[in-house]
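Q: The structure follows.
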Amino acid sequence: MERERTLEAVKIGLLGLGTVGSGVVRVLSRNNEEIARRAGRAINIVRAATRDLSVRRDCDLGGIALTDRAQDVIDDPEIDIVVELIGGTGIAREMVIRAIDQSKHVVTANKALIALHGNEIFARASERGVTVAFEAAVGGGIPVIKAIREALAGNRIEWLAGIINGTGNFILSEMRDKGRDFEDVLSEAQSLGYAEADPTFDVEGIDAAHKLTILASIAFGIPLQFDKVYTEGITRITREDVQYAAELGYRIKHLGIARRREHGIELRVHPTLIPHRRLIANVDGVMNAVLVRADAVGPTLYYGPGAGAEPTASAVVADLVDVTRALTVDPNNRVPHLAFQPDALIDVPVLDIGEAVTAYYLHLRVQDKPGVLAEITRILGDSSISIEAVLQRPPEEDASDAAIVIVTAPIRESNMDEAIRRIQDLETTSEHVTRIRLENLK
Ligand SMILES: NC(=O)C1=CN([C@@H]2O[C@H](COP(=O)(O)OP(=O)(O)OC[C@H]3O[C@@H](n4cnc5c(N)ncnc54)[C@H](O)[C@@H]3O)[C@@H](O)[C@H]2O)C=CC1
Ligand SMILES: N[C@@H](CC=O)C(=O)O
Ligand code: NA
């Protein structure tokens, strides 16, 4: 009580008053007292920047001074902590570096910025003795960065797999459960504030790849390496594949997977079949989940809203509380940005996707003739690929070809590439073989 009365409020400068920025203003104002009791002093936003001053906002600004010049917020000598909620890697990067150079702490929700420029930003922050906190950058409101970085610090992490894009999971869930169209659900995700400014980042897997880059770094103690992530989005998933997967006992989810292997690390983002009984297969809508397998604790699962104004604000405000406590108690006693001490990061190679080992779902159309399946199984056998299940559909009325769906045992991706090439070359098969990776996640 004594401390709360004697310490001055921490002064925050906010960059961006869109979906997340407005959420932060609302949460900080509504829970002000509770937050001060946790942080040891009040946390007040005193100045905010937005690109267009005339736009209507979803929050009451109270006494917050407004500007359209982000640099004015940073250069204000009163500001202790800068919150970056503009997004992108242009002005956002410039402003974060400007804040660090003025020895100001930064809180950001910007995964693109951390994945692409985090190595540079954290090095600079460490030199200046400031913190750049980024809990909101992965899994929105789920405290997954904190969990991996702090609560699993006694473990050797073996792998993690996550549904880490709320927009994409919302689209897949609505398409499967309600038969809605892709474009229609995407528009709804945009109006709910879930999607990125450029929604191709969500649907082409780039946003998930940004997040996987960050998760892999804090899980394995490796530098951030976005350019090494193999990335596929959700745009080519068809209703038929969703149905066939269901008949075989699987759900299709868009996953980011980071796995430690003997000679390196797999980093991949793609649609994935998961047995329908797994908890993570039942994570729907805007919810995200990250499953982490570590040696001491075993499997742990982190679940919650992956996007949206207040869930994301929840993570931003938690970071503000953390930074405020560090300022108040002991500025030198900080958790390292990437969980491991900066000089202890190890540059373990990231494996090419051809070296990934996973099971597969294959869907192809074949001429309705005897012996076709035998030819396909021979080719798979030549590449040492075992078959676990087969679904055959008779041709639809008037059609001369029929669908075959095959589930294989785990195999190296390069073996599967070769087998698919040979299957596509057969005269009896249609040119395109759909391949979706399958993970048991045990
Ligand atoms: N929307 C969500 O659910 C989540 C978003 N994020 C991240 O949070 C960040 C912000 O996202 P949103 O709030 O959704 O974006 P938004 O587009 O709703 O808001 C961006 C804000 O930045 C302002 N802005 C743009 N350029 C500016 C400039 N030059 N100077 C000052 N202000 C400028 C805009 O006026 C707007 O107020 C992004 O990095 C995003 O990836 C992270 C987790 C969830
Ligand atoms: N566009 C992102 C927002 C949160 O990170 C998503 O949909 O997950
Ligand atoms: Na988070």
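The values are calculated or read from the model by the stated rules, or taken from the named source; none is laboratory data. For clarity, every value in this text was computed on a predicted model and none was experimentally measured. Cβ atoms come from the backbone with ideal geometry, glycine included; neighbour counts cover every protein chain shown. The protein model used for the area step is the full one, side chains on, heavy atoms only, and it has no ligands, DNA or RNA in it. Shrake-Rupley method; radii C 1.70, N 1.55, O 1.52, S 1.80 Å.
Q: Over region 10-122, what number does the Rg to Rh ratio reach, with both radii from the alpha-carbon atoms and Rh per Kirkwood?
A: For region 10-122, the value is 0.95.
Q: How large is the convex hull of the C-alpha atoms of region 76-147 per residue, in Å³?
A: Convex hull volume per residue, Cα atoms: 90 Å³.
Q: log₁₀ I(q)/I(0) of region 357-438 at q = 0.21 Å⁻¹, via Debye over equal Cα point scatterers, no solvent, to two decimals?
A: With one equal scatterer per Cα and no solvent, log10 I(q)/I(0) is -0.92.
Q: Related question: If the limit is 30 Å between Cα atoms, which of Lys11/Lys146; Lys111/Lys253; Lys104/Lys253; Lys228/Lys442 go over it?
A: On the way: Lys11/Lys146 24 Å; Lys111/Lys253 21 Å; Lys104/Lys253 40 Å; Lys228/Lys442 25 Å.
With Cα atoms farther than 30 Å apart: Lys104/Lys253.
Q: Shifting gears a bit: Less than 14 Å Cβ to Cβ from Pro349, Lys/Arg counted +1 and Asp/Glu -1: what total charge do the surrounding residues give?
A: Residues close to Pro349 contribute a combined charge of -2.
Q: Right, next: Please give me, ordered by residue number, the trypsin sites (Lys or Arg not before Pro) of region 205-250 that lie in loop per DSSP and have at most 10 other Cβ atoms within 10 Å. Don't jump to the answer; show the numbers that get you there.
A: Numbers: sites: Lys211, Lys228, Arg236, Arg239; in loops: Arg236.
Sites meeting the loop and neighbour criteria: Arg236.
Q: Between Ala151 and Arg393, what FRET efficiency follows from the Cβ-Cβ distance if R0 is 56 Å, with the result rounded to 0.05?
A: Efficiency, rounded to the nearest 0.05: 0.75.
Q: Any chance you could give the angle, 0 to 90 degrees and rounded to 10, that helix 166-178 forms with the longest Cα principal axis of the chain?
A: Rounded to the nearest ten degrees, it is 50.
Q: Please compute the modelled spin-label separation between Glu127 and Ser400, points set 7 Å along Cα→Cβ, answer in nm with one decimal.
A: So the label points at Ser400 and Glu127 sit 6.9 nm apart.
Q: Under a plain spin-label model, where a point goes 7 Å from the Cα along Cα-to-Cβ, how far apart in nm are Val242 and Ser29?
A: The two pseudo-label positions are separated by 3.9 nm.
Q: Quick one: Cα convex hull volume of region 161-256, Å³ per residue?
A: Spelled out: Cα convex hull of region 161-256, divided by residues, is 105 Å³.
Q: Just to confirm the number: angle between the C-alpha axis of helix 206-220 and the first principal axis of the chain, 0 to 90 degrees, nearest 10?
A: In the chain, helix 206-220 runs at an angle near 80 degrees to the longest axis.
Q: What does the charge dipole of region 357-438 about its Cα centre add up to, to the nearest 20 debye, if the Cβ of each Lys and Arg holds +1 and the Cβ of each Asp and Glu holds -1?
A: Its charge dipole is roughly 340 debye.
Q: Now for a separate question. Write down the accessible area per residue of the chain in Å², having rolled a 1.4 Å probe over the full set of protein chains.
A: Using a 1.4 Å probe on heavy atoms only, each residue of the chain averages 44 Å².
Q: For region 357-438, which whole percent of the accessible surface, found with a 1.4 angstrom probe, sits on carbon and sulfur atoms?
A: 45
Q: Let me ask another. Counting only protein heavy atoms and a 1.4 Å probe, tell me what percentage of region 3-105's accessible area is made up of carbon and sulfur.
A: Values: 2130 of 5090 Å².
Summing carbon and sulfur atoms, their accessible area is 42 percent of the total for region 3-105.
Q: Based on the alpha carbon coordinates of the chain, what radius of gyration and maximum Cα-Cα distance (Dmax) apply, in Å?
A: So, for the chain, Rg and Dmax equal 24.2, 85 Å respectively.
Q: For labels at Asp72 and Asp184 in the simple 7 Å Cα→Cβ model, what's the distance in nm?
A: Going by the 7 Å Cα→Cβ label model, 4.6 nm.
Q: For region 113-209, what is the largest minus smallest coordinate of the Cα atoms on each principal axis, given in angstrom and ordered from greatest to least?
A: Ordered largest first, region 113-209 gives principal extents of 50, 29, 19 Å.
Q: Taking the highest mean first, how do the peptides 68-81, 285-298, 8-21 order by number of other beta carbon atoms within 10 angstrom per residue? Present the calculation step by step, with values, prior to reporting the outcome.
A: Values: 68-81: 16.8, 285-298: 19.1, 8-21: 23.1.
Answer by packing, highest mean first, reads 8-21, 285-298, 68-81.
Q: Expressed as an acute angle from 0 to 90° and rounded to the nearest 10, what is the orientation of the C-alpha long axis of helix 19-30 relative to the principal long axis of the chain?
A: Helix 19-30 sits roughly 50 degrees off the main axis of the chain.
Q: Separate question: Considering the convex hull of the alpha carbon atoms of region 144-305, report its projected area averaged over all viewing directions, in nm², one decimal.
A: 9.6
Q: Another question about this same structure. So, with a 1.4 angstrom probe, what is the percent of accessible area on region 241-318 that is carbon and sulfur?
A: 51
Q: In addition: If r is the Cβ-Cβ distance from Asp368 to Glu418 and R0 is 30 Å, what FRET efficiency results, to the nearest 0.05?
A: With a Förster radius of 30 Å, E is 0.70.
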